[in-house]
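Undergrad: Take this structure first; my questions come after.
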Amino acid sequence: MKILLVEDEPDLGRAIQQALSREKYIVDWVQDGSQAWNYLETPWSSYTMAVFDWLLPGLSGIELCKRLRQQHNSLPVLILTAKDSMADKVTGLDAGADDYLVKPFGMAELLARLRALQRRSAQPYSQTLQLGRLTLDYATSTVSVRVEDGSHVVQLTAKEFQLLEHFMRHPQQIINRDQLMNALWEVQAEPASNVVSAQMRLLRRKLADYDCDGMIETIYGLGYRLNLTDAPEPTV
C-alpha cells in the first residue's frame, strides 16, 4: 500500500517515513503542499492513503483536503497538527479529513489510526488475501502456496511480496512496467531501468519451485498478467 506523506518538519517526516517503511508501506514523502498536489493530480497517482500536516509551505493540509473532496476523490486522509481545540478539529474534519492526530504523538498511535483508516476505506482490509492457490498473510508478510501435500510458505522479500500482492489484487489484468513503478516504488527512489524485470525474474523463480512458474505471464510489448483463468475473485 502506498502513502503520500506531506510533512515539512525534516526530523518528524523522516521518522514517520521510516516507521511506515518498517510496516511495509511504500511512502512518498514531500515537504511542500503544492508539490503534494502535483503528485495527487498526476494520472498515475496510486495512493492508498495520505498523511497531511496542517501547516505547510505552498498549500496547507486543509487546502489539500478541500481540493481532493471538490474533485470527489475519496482518498483517506489523516491530518497531523499541533492545533488541538475543538474548533480546529471540526475545521479539519469539515474540510474532508477522515481523522485528526494532535502533535506530539506516538508512532504506535499513528500506525493504529492508519490501520483503522484502511478498515473504513472503500478497499476492504483483512489480514489475508486469497486467490487460487495463493494466500498472502499481512500479519506475517508471507505467502503460502497450496500444493497436493498441503500448504508451503514461499520466502519473499518485501518488494517481491508487494509485487505479488499487486498482481493478486488485479488478476487477469495486463500491468505494464510504468504502472508497477508508480504503484510499488517511491517517486524519489529513481531505481535502475531494469529493476521491474529483475524483481519479476526473482519472484517467478521462487514461485516456480511450487509449479507456479507460468502463473505470471509476459504479454510481449504490453506488460505482465497474473493468469488464473479458473480462479475466483480475490477473497479479503
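Undergrad: I'm checking my understanding of the structure. Among residues of region 39-85 that are among the β-branched types (Val, Ile, Thr) and assigned to a loop (DSSP other than H, G, I, E, B), which one is farthest from Val187 (Cα to Cα)?
TA: Thr48
Undergrad: On to the next question. Are any residues in region 86-107 buried (at least 20 other Cβ atoms within 10 Å of the Cβ) and outside any loop (DSSP other than H, G, I, E, B), and if so, which ones?
TA: Gly92, Ala95, Tyr100
Undergrad: Another question, then. Which one of these is of a type in the set (Asp, Glu) and at pLDDT 90 or above: Glu41, Glu63?
TA: Within the list Glu41, Glu63, the selection yields Glu63.
Undergrad: Might you let me know whether region 141-161 holds any residue that is of a type in the set (Phe, Trp, Tyr), at pLDDT 85 or above and part of a helix (DSSP H, G or I)?
TA: yes
Undergrad: Which of the residues belonging to region 193-221 are within 22 Å of the chain's Cα centre (by Cα) and in contact (Cβ under 8 Å) with a residue 24 or more places away in the chain?
TA: Gln199, Met200, Leu202, Leu203, Ile216
Undergrad: For region 49-70, state whether one or more residues are surrounded by fewer than 18 Cβ atoms within 10 Å (Cβ to Cβ), under 17 Å from Asn182 (Cβ atoms) and in contact with a Gly (Cβ under 9 Å, 6 or more places away or on another chain).
TA: Within region 49-70 (the criterion being surrounded by fewer than 18 Cβ atoms within 10 Å (Cβ to Cβ), under 17 Å from Asn182 (Cβ atoms) and in contact with a Gly (Cβ under 9 Å, 6 or more places away or on another chain)), the answer is no, since none of the residues qualifies.
Undergrad: So, one more: Quick one: how many residues across region 211-230 are within 15 Å of Met168 (Cβ to Cβ) and of a type in the set (Phe, Trp, Tyr)?
TA: Residues in region 211-230 being within 15 Å of Met168 (Cβ to Cβ) and of a type in the set (Phe, Trp, Tyr): 1 in total.
Undergrad: Only one residue in Thr128, Thr81, Thr135 is among the hydroxyl-bearing types (Ser, Thr, Tyr) and under 18 Å from the mean Cα position of the chain (by Cα), so which one is that?
TA: The conditions single out Thr128.
Undergrad: Looking at region 9-29, which of its residues are under 16 Å from the mean Cα position of the chain (by Cα) and not in a helix (DSSP H, G or I)?
TA: Glu23, Lys24, Tyr25, Ile26, Val27, Asp28, Trp29
The values are calculated or read from the model by the stated rules, or taken from the named source; none is laboratory data. Because the structure is a prediction, the values reported are computed rather than measured. When we count neighbours, we look across all protein chains shown, and the Cβ atoms used for this are built from the backbone with ideal geometry, even at glycine.
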